[in-house]
There are 2 protein chains.
Amino acid sequence: MVSIEDSESPKRRAILNAATELFTARGYGAVSMDAIAREADVSKATLYAHFESKDRLFATIVQSACQEHITPTGELADDAALDVEASLRAIGGRILRFFLRDRTMAIYRLVMAESARFPELGNAFYQGGPANGRRMLAAWLTRQPGLVVPDVAIAAEQFFGLLRTDLYLRASVGLTPVPDEAAIDAVVDAAVQTFLRAYRL
Amino acid sequence: MVSIEDSESPKRRAILNAATELFTARGYGAVSMDAIAREADVSKATLYAHFESKDRLFATIVQSACQEHITPTGELADDAALDVEASLRAIGGRILRFFLRDRTMAIYRLVMAESARFPELGNAFYQGGPANGRRMLAAWLTRQPGLVVPDVAIAAEQFFGLLRTDLYLRASVGLTPVPDEAAIDAVVDAAVQTFLRAYRL
DNA sequence: GTCTATAGAAGGATAGAC
DNA sequence: GTCTATCCTTCTATAGAC
């Protein structure tokens, strides 16, 4: 399947890459159009030939970043070789590691910081990320015979919530930006244990 | 106990109030020193007589906002008239409503957005808010005879996590900025139920 | 489309009088 | 401490040549 995006100009691609890099690293206000042009190795006039304003460039970038940034729950196959606990551990580990990735954090940061001035970003983020992830996990939960879940949507939210604990909170404000693997696994284990005590048959 | 703060000038107070208002509403980059001076009804020179730079004014404001903004778990008395479930419901309701308040959201937004450029903010936020709240709730949990909690610190984090679900996430990115009371109570109820299924004796 | 050069506005910070 | 007036830099955006 050939996308029409293939025909886009290399300069435009360079601009998008540079702007994505800079915006996610420093935020909207701290990045100038000059800096983007320099980073993309392009003149400022070219930049404005492709994007009518800094606002629209920013919105374009964040929206497409949201779409590309689906929570990794799409491939939740039912692995017959794993029991519910092992499966949840694997899923939880993937999700928490995704939450903690620089890029993921940066997008949430941007949307949270700028959603007041760019209201469309909130929806793009929610639909591309959390809503989708919740739907996928809820669907998976319904297929698990060992669980008793009165409301799978709520249970799915709660599983995400159990993963988003102190470690995540600390990382989100710049403390322990690179949590070690053992700490991550400990959070996942605790989440799975609590979740199963609440919902296991 | 008379604070030395009582002797601070009214202009300084006006500046702090105006700057707090503007920064929390619009973020660091979108607020100019001109705007702060105007809002405080003060000249820009006066502003710079009290604060050496925009950076320091911002850091001062956010840090003190973090300190004043303790998670409302300080008054976790052991109410003999309430059982564990009713108590948890009351506590959870207070906490989630606190999380959802404009001011609380705004501070988290600011710290998250600017902690890269102002590293001291991350710690001020974490110590003033989450760390304190977790400690208080953990202490309360140890005093509940009806619960079996292997690690109260982890359980406390998890309770907060169970409250910070979709409703909170949506509010944080500008969707449903004013959740209705019924929705809040539903989240609290679900959190308490799950928590108790996992940790009740 | 792409560049160089620049307009025009706004921002952070300060000088100097009182 | 407080003001008015201003400096200098940086920013968004555009004009005009190719």
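The values are calculated or read from the model by the stated rules, or taken from the named source; none is laboratory data. Predicted model only: the values in this text are computed from it and were never measured. Here the Cβ positions follow ideal geometry from the backbone for every residue, glycine too, while neighbour counts run over all protein chains shown.
Of the set (1) surrounded by 18 or more Cβ atoms within 10 Å (Cβ to Cβ); (2) among the β-branched types (Val, Ile, Thr); (3) part of a loop (DSSP other than H, G, I, E, B), all apply to B:Thr176 but (1). When you check B:Ala65 against the structure, is it among the aliphatic types (A, V, I, L, M), more than 16 Å from DNA strand C (Cβ to nearest atom), within 14 Å of another protein chain (Cβ to nearest Cβ) and touching a residue at least 12 places away in the same chain (Cβ under 8 Å), yes or no? Spelling it out, B:Ala65 is indeed among the aliphatic types (A, V, I, L, M), more than 16 Å from DNA strand C (Cβ to nearest atom), within 14 Å of another protein chain (Cβ to nearest Cβ) and touching a residue at least 12 places away in the same chain (Cβ under 8 Å). Note on segment B:109-121: residues that are closer than 17 Å to B:Leu22 by Cα and surrounded by fewer than 21 Cβ atoms within 10 Å (Cβ to Cβ) total 1. Any residue at all in segment A:117-129 that is within 28 Å of A:Ala30 (Cβ to Cβ) and touching a Pro at 6+ places or on another chain (Cβ under 9 Å)? No: zero hits. Within segment B:27-43, restricting attention to residues that are among the hydrophobic types (A, V, I, L, M, F, W, C) and either in a loop (DSSP other than H, G, I, E, B) or more than 9 Å from DNA strand D (Cβ to nearest atom) (or both), the residue that is farthest from B:Ile15 (Cα to Cα) is B:Ala30. Here's a check for you: in segment B:44-62, which residue that is within 14 Å of DNA strand D (Cβ to nearest atom) and among the aromatic types (Phe, Trp, Tyr) is farthest from the other protein chains (Cβ to nearest Cβ)? Taking the candidates together, the pick is B:Tyr48.
Every condition in (1) assigned to a helix (DSSP H, G or I); (2) loosely packed, with under 15 Cβ neighbours inside 10 Å; (3) within 15 Å of DNA strand C (Cβ to nearest atom) holds for A:Thr46 except the one numbered (2).
Among the residues that make up segment B:89-104, is at least one of them modelled with pLDDT under 95, away from chain A (no Cβ under 12 Å), surrounded by fewer than 15 Cβ atoms within 10 Å (Cβ to Cβ) and assigned to a helix (DSSP H, G or I)? There is no residue in segment B:89-104 that is modelled with pLDDT under 95, away from chain A (no Cβ under 12 Å), surrounded by fewer than 15 Cβ atoms within 10 Å (Cβ to Cβ) and assigned to a helix (DSSP H, G or I). Quick check on A:Ala14: is it in a helix (DSSP H, G or I) and either away from chain B (no Cβ under 14 Å) or not β-branched (Val, Ile, Thr) (or both)? So A:Ala14 passes the test. Across segment A:156-194, what is the total count of residues that are more than 8 Å from chain B (Cβ to nearest Cβ) and not polar (S, T, N, Q)? Result for segment A:156-194: 19. Can you name the residue in segment B:146-164 that is part of a loop (DSSP other than H, G, I, E, B) and in contact (Cβ under 8 Å) with a residue 24 or more places away in the chain and is also surrounded by the most Cβ atoms within 10 Å (Cβ to Cβ) among such residues? By that ranking, first place goes to B:Arg164. A:Pro72: away from DNA strand D (no atom under 16 Å from the Cβ), touching a residue at least 24 places away in the same chain (Cβ under 8 Å) and touching a Gly at 6+ places or on another chain (Cβ under 9 Å), yes or no? Yes, satisfied. Yes or no: segment B:67-79 includes at least one residue that is assigned to a helix (DSSP H, G or I) and of a type outside the set (Val, Ile, Thr). Yes, segment B:67-79 has at least one match.
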